[in-house]
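One structure is given below, encoded as structure tokens.
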Amino acid sequence: MITPLLLAALALVLTGPAPALLARSSWPYRIPRAAVALWQAIALAAVLAALGAGLALSYSTAGEPGEPRFDPSSARDLAAAAVLALTALVAVRLVWAVGRVAVGTRARRKRHRDLVDVLATPDGLIPGLRVLAEETPLAYCLPAMRGSRVVVSVGALDCLDDGELRAVLAHEQAHLRARHDLVLEAFTALHHAFPRWVRSDVALDQARTLVELLADDDARRRNGPLPLARALVALAGSPAPEAALAAAKSSTVLRVQRLADPEPNHPVLASATYATAALLLVVPTLTVAAPILKALANAVT
Amino acid sequence: MEQLWAADGALTVREVHERLAGTRDLAYTTVMTVLDRLAKKKLTERERDGKAWRYKAAAPREEMAADLMRDALDRAGDRREALVRFVGQVSDEEAALLRDALARLEAREG
């Protein structure tokens with residue numbers, strides 16, 4: 001009976017206090033790559049622990065693993081079956097959310113790329129660059145397996161010099177090369193998989209910020225921090241064309257302040273973070289797998 | 001696409017080819033392939049006219065551009081995940097912090 005309780009506790013800690021604490025800390029911003037890994041491990045471990053708790057609970061109520069005897073007249077067995085069904089429901093919801101987000105995002109992205117291709121002009125500066133005849137300063141990328149695009153508006157070109165433009169393009173190419181969109185997609189799916197009253201935006205928001213920092217670091221290594229910081233200030237400080245734009249809080253201040261400091265290098269902190277991430281994944285997996293493995297071993301001997 | 005936007009009604013492949021011939025040297029089959037592809041992407045609409053297809057733009061240029069910008073500027077809804085923006089707009093308060101940080105960096109870099 002102790003295993004399901006432990007796993008449930010772990011799942012609760014990993015969905016509530018742990019993300020809240022991590023999001024309030026500033027050290028993850030010093031090691032964005034390890035921090036992304038840690039967030040991924042937390043999310044995955046929370047899911048594993050929750051599913052594992054359900055599995056283990058239905059086991060321990062239904063009797064010893066390895067000797068399944070289902071008795072429909074026993075309340076214990078019915079409860080075990082209900083828990084198992086609920087666990088399966090959660091798993092199905094997750095898979096459904098992953099599929100829906102993947103299909104939806106790709107469809108919207110493809111439609112947008114088709115529009116870009118008829119409305120914008122190709123530019124040979126980097127592969128896939130398209131220049132859009134719009135006054136609003138804009139720069140973004142459209143990730144894809146093949147035929148990804150970097151879109152820059154004329155308004156953005158007007159407020160950037162050559163070095164700043166190169167920094168922006170290096171940042172976007174870093175996103176495309178590392179497929180940061182896939183990282184975000186996973187967190188979006190997780191976000192959508194749970195009902196509104198249990199989910200929080202913390203993990204998804206943090207993932208968004210961290211991949212921006214990763215792309216910033218890449219661009220900084222190529223062109224130095226100054227052009228990138230200038231480009232960020234130039235594009236972020238331009239007047240917003242729509243009221244909706246200025247509403248959301250942004251990670252821009254954090255990004256520029258970070259560029260103003262020397263490039264972070266914290267090998268120990270990064271290693272410790274990676275180790276924690278690995279541990280988070282191993283513990284719930286072993287806890288769930290151990291009784292099954294033991295039962296299997298017993299069945300063989 | 002420009003030719004379709006500029007035209008009053010729907011055009012056949014031959015008409016588009018003729019209009020393009022003045023500025024660009026394109027094969028008839030190339031024009032045909034491009035128009036066919038645009039129709040599959042639902043950027044153009046086409047109707048049968050005897051043996052040929054007549055193509056017209058699915059929407060005026062301005063409408064498509066507005067559609068694109070809605071996608072590009074959307075910060076909340078489902079569209080947000082489709083593309084990764086370089087940077088969003090910030091409030092005045094944040095803009096001041098940005099300028100401070102930039103000044104610090106410029107001082108350091110000399």
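Where a number appears in this text, it was derived from the coordinates with a stated rule and is not lab data. Being a predicted model, the structure only gives us computed values, none of them experimental. Note that we place each Cβ from the backbone using ideal geometry, even for glycine, and neighbour counts take in every protein chain shown.
Over all other residues within a Cβ to Cβ distance under 14 Å of A:A203, the charged ones net out to 0, with Lys and Arg as +1 and Asp and Glu as -1.
Each of the peptides A:258-268, A:34-44 was scored by the mean count of other Cβ atoms within 10 Å over its residues; in descending order, highest first, they stand as A:34-44, A:258-268. The mean of 1/r over all pairs of different alpha-carbon atoms in segment B:2-57, once inverted, gives a Kirkwood hydrodynamic radius of 11.2 Å. Segment A:115-153 and segment A:193-217 have Cα centres lying 25 Å from one another. All C-alpha to C-alpha distances of segment A:19-62, sorted into 5 Å bins beginning at zero, yield P(r) values of 5, 21, 19, 17, 11, 10, 8, 6, 3, 1 percent in whole numbers. When shorter helices are ignored and each DSSP H run of at least 4 residues is given -39500 (n - 2.57), the per-residue value for chain A at 222 nm works out to -24000 deg cm²/dmol.
Of A:S26, A:S200, the sequence from fewest to most neighbouring Cβ atoms within 10 angstrom is A:S26, A:S200. Span-like helix criteria (full DSSP H runs; alpha carbon extent of at least 27 Å along the helix axis; mean Kyte-Doolittle hydropathy of at least -0.5) are satisfied in chain A by A:32-62, A:75-119, A:267-300.
Inter-chain Cβ neighbour count for A:253-265, averaged per residue, equals 4 (cutoff 10 Å, partner chain atoms only). The residues packed around A:R146, meaning those with a beta-carbon under 12 Å from its beta-carbon, carry a net charge of +3 if Lys and Arg are +1 and Asp and Glu are -1. What does a probe at A:D123 reach in segment A:195-216, counting residues whose amide N is under 20 Å from the point 7 Å along Cα→Cβ? Residues A:216 fall inside that zone. Remark: C-alpha extents of segment A:122-264 on the principal axes read 47, 36, 33 Å, sorted largest to smallest.
Taking every pair of alpha-carbon atoms in the protein assembly as shown, what share in percent sits in each 20 Å bin, from 0 to the bin with the longest distance? For the protein assembly as shown, the pair-distance distribution reads 22, 44, 26, 8, 0. Listed peptides B:43-52, A:178-187 appear in the order A:178-187, B:43-52 once ranked by packing, highest mean of other Cβ atoms within 10 Å at the front.
Structural descriptor for chain A: relative contact order 24 percent, calculated from alpha carbon pairs under 8 angstrom and at least 6 residues apart.
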